[in-house]
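Here is the structure we will look at.
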Amino acid sequence: MRVLGVDPGTTVTGYGVIETGNGSSGMGRLIECGVIRLAGRSPLPQRLHELHDHITQLITRHRPEALALENAFYHRNVHTTLVLGHARGVILLAAAQAGIDIAQYPPATVKKTVAGAGGAPKAQIGSVVARLLRLKEAPRPADAADGVAVALTHILRA
């Protein structure tokens, strides 16, 4: 199974593609991870369009069976939560257009599943991701490791 995990944002979105089976060891094999950087000063509709294009390209290139997405957390700033919801919407749209399965996980569930604690810091998530996937070092930047953690969560909970 191939899973695209996404940690959404409107300026930085982390992602990771993991494949299980076919001789992959441990939790699976990391195919690709990274971040999608969007210009924070660009109008929101333009950033959302670019985010949709990037996610669509990842889906086309890697052909995952599933997209795992981190749910929005409830931020004190309602505007921030609302804008993050827009980003999640275009990611969900890209997955639905591609006809792939979609799973959504709360941030605390991702942290607890991968690191054993719902309040695990980003550095811990990165080091556990590296250990589970037998990588020499944690994916960088931390948002990329978070995207990989979302994909791992789906694999571990499936």
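The values are calculated or read from the model by the stated rules, or taken from the named source; none is laboratory data. What you see is a predicted model, and the numbers here were worked out from it, not measured in a lab. No Cβ is skipped: glycine too gets one built from the backbone with ideal geometry, and neighbour counts run over all protein chains shown.
Restricting the range 96-115 to residues that are within 16 Å of G14 (Cβ to Cβ) and aliphatic (A, V, I, L, M) leaves a set whose member that is farthest from the chain's Cα centre (by Cα) is A115. Are any of the residues in the range 111-120 in contact with a Phe, Trp or Tyr (Cβ under 8 Å, 6 or more places away or on another chain), in a helix (DSSP H, G or I) and at pLDDT 90 or above? Yes - at least one qualifying residue is present in the range 111-120. Number of residues in the range 81-105 that are part of a loop (DSSP other than H, G, I, E, B) and either farther than 25 Å from Q57 by Cα or of a type in the set (G, A, S) (or both) equals 1. Residues in the range 81-92 that are surrounded by 12 or more Cβ atoms within 10 Å (Cβ to Cβ) and either over 25 Å from I155 (Cα atoms) or in contact with an Asp or Glu (Cβ under 7 Å, 6 or more places away or on another chain) (or both): T81, V83, H86. Here D143 passes the criteria (1) without any contact (Cβ under 8 Å) to a residue 40 or more places away in the chain; (2) in a helix (DSSP H, G or I) except the one numbered (1). For the range 135-158, enumerate the residues that are surrounded by 13 or more Cβ atoms within 10 Å (Cβ to Cβ) and over 19 Å from P64 (Cα atoms). Of everything in the range 135-158, those that are surrounded by 13 or more Cβ atoms within 10 Å (Cβ to Cβ) and over 19 Å from P64 (Cα atoms) turn out to be L135, A138, P139, P141, A142, D143.
Output the residue which, of all residues in the range 34-80 that are in a helix (DSSP H, G or I), within 17 Å of the chain's Cα centre (by Cα) and of a type in the set (V, I, T), is surrounded by the fewest Cβ atoms within 10 Å (Cβ to Cβ). Across the range 34-80, the extreme among qualifying residues is T60. The conditions of being over 25 Å from Q46 (Cβ atoms), crowded, with 16+ Cβ neighbours inside 10 Å and free of Cβ contacts under 8 Å to residues at least 24 places away in the same chain are met by V128.
Kindly check whether there is at least one residue in the range 16-33 that is surrounded by 12 or more Cβ atoms within 10 Å (Cβ to Cβ) and on the phi > 0 side of the Ramachandran plot.
Taking every residue of the range 16-33 in turn, at least one turns out to be surrounded by 12 or more Cβ atoms within 10 Å (Cβ to Cβ) and on the phi > 0 side of the Ramachandran plot.
For the subset of the range 121-140 comprising residues that are of a type in the set (G, A, S) and part of a helix (DSSP H, G or I), which member is farthest from M1 (Cα to Cα)? Among them, the one singled out is A123.
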